[in-house]
Amino acid sequence: MNASSGQESAISEIVERLKEQFPGISPQTVRAAVDAARDHFSRARIKDFVPLFIEREARAHLERPLP
């Protein structure tokens, strides 16, 4: 497995975990939060912990109440 497919697998797992943790939020919104977090960290030099940071940022976004 190369790094790209490993990251894709990690992203899919993050999306599934967050969908389970936030059943009241649409899957599209969860995916959008993960994609936004992923874009935020796309230029990170060291990629080892990027999936962890993506999950944390997406979770924080989903936990914030809408205005």
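The values are calculated or read from the model by the stated rules, or taken from the named source; none is laboratory data. Small disclaimer: the values here were computed from a predicted structure and weren't measured. When we count neighbours, we look across all protein chains shown, and the Cβ atoms used for this are built from the backbone with ideal geometry, even at glycine.
Scan segment 41-56 for residues that are more than 19 Å from Ser9 (Cβ to Cβ) and either under 10 Å from the mean Cα position of the chain (by Cα) or modelled with pLDDT of 95 or more (or both) and the total you get is 0.
Close Cβ contacts (under 7 Å, 6 or more residues apart or on different chains) running from residues in segment 38-67 that are on the phi < 0 side of the Ramachandran plot to residues that are of a type in the set (D, E, K, R) and surrounded by 10 or more Cβ atoms within 10 Å (Cβ to Cβ) comprise His40/Glu57; Ile54/Arg38.
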